[in-house]
Amino acid sequence: MNALAEKKVGGIVAANFRTAQVFTKYGIDFCCKGGISVTEACEKNGVSLESLLDDLELSQENNGSTDYRNFGLSQLIDHILTQHHQYVENSIPPLKAYLTKLSMVHGERHPELHAIKEEFFAASDALTMHMKKEELVLFPYVKAMEEADKNSYNLSQPHFGHIDNPIAMMEHEHDTEGERFRKISELSNGYEPPKDGCQTYRVAFAMLKEFEEDLHTHIHLENNILFPKTKELFQKLNEQ
């Protein structure tokens, strides 16, 4: 049995981010559902294990991808803020405008547009609140923990109690938005505009696809790298 087959999907992507493209190609969720083995993921998604393993091994031969596991907590948080939180904030207004226009102009012939618009508007509101909770509560405390560890001083206990509490909430919200975008993908036929779709249609669907791909990366960095390292540091500081 190939050793890769029994490794966790999220762990493989954490070790080599380039492999994310392979799992995306086969429709396997490497972020929210990354805690299962490659074999189990293939079984659940009706994917050829042999084909996926071949592609994984090819992708791992190219080790030029960034290994985010080597990032310090503050460095990783800053990367998430500048690359992913900022992307979400910048993408929401034009996507809302495009989907509103499409629903008005094409909604009668393509009623799924109304559902796509509704789902995206709900996602955008939820993600905005989610990111603010991270930016104002969780991330500052994580950075403070790293500073306390570096300079060997005691850090007061957070108002939210154990670090597992906000992390569990963030992971639950990640699951919710991951499921919401799976629904949007289904409603949009994999972000494939209809033959009679106008330029706005094509642009909006391309942006939605990119938004989901960025969301997967965003969630992966937090669920599979930032949060586990944060839990380890919290335990270390509270054992001293």
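The values are calculated or read from the model by the stated rules, or taken from the named source; none is laboratory data. A quick note: this is a predicted structure, and the numbers were derived from the prediction, not measured. Glycine gets a Cβ as well: all are built from the backbone with ideal geometry, and neighbour counts include every protein chain shown. Just the protein is used for accessible areas: all its heavy atoms, side chains included, with ligands, DNA and RNA removed. Shrake-Rupley method; radii C 1.70, N 1.55, O 1.52, S 1.80 Å.
Listing for the model above:
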quantity: Accessible surface, per residue, of the chain when the full set of protein chains is kept, probe 1.4 Å, Å²; calculated: 51 Å²
quantity: Backbone HN-Hα couplings from phi across region 47-53 [Karplus 6.51/-1.76/1.60, Hz, Gly and Pro as x]; calculated: 10, 5, 4, 4, 5, 5, 5
quantity: Value in Å of the Kirkwood radius, where region 1-151 supplies the Cα pairs that are averaged; calculated: 18.4 Å
quantity: Accessible surface, 1.4 Å probe, highest first, among residues Met129, Met170, Met104; calculated: Met104, Met129, Met170
quantity: Karplus 3J(HN,Hα) series, Hz, for region 101-112 with 6.51 cos²θ - 1.76 cosθ + 1.60 (x for Gly, Pro); calculated: 4, 5, 4, 6, 7, 10, x, 5, 7, 10, x, 4
quantity: Sparsely packed trypsin sites (Lys or Arg not before Pro) within region 154-186, loop by DSSP, other Cβ within 10 Å at most 14; calculated: none
quantity: Relative contact order of region 1-117, pairs being alpha-carbon contacts under 8 Å that are 6 or more residues apart, as %; calculated: 23 percent
quantity: Table column - 3J(HN,Hα) (Hz), region 201-213, Karplus curve with 6.51, -1.76, 1.60, x for Gly and Pro; calculated: 4, 5, 5, 4, 5, 5, 5, 4, 5, 5, 4, 5, 4
quantity: Apportionment of accessible area to carbon and sulfur, the chain, percent (1.4 Å); calculated: 50 percent
quantity: Entries in Lys33/Lys150; Lys7/Lys209; Lys8/Lys195; Lys44/Lys133; Lys7/Lys195; Lys44/Lys101 that, when Cα-Cα distance is taken, lie over 31 Å; calculated: Lys33/Lys150; Lys8/Lys195; Lys44/Lys133; Lys7/Lys195; Lys44/Lys101
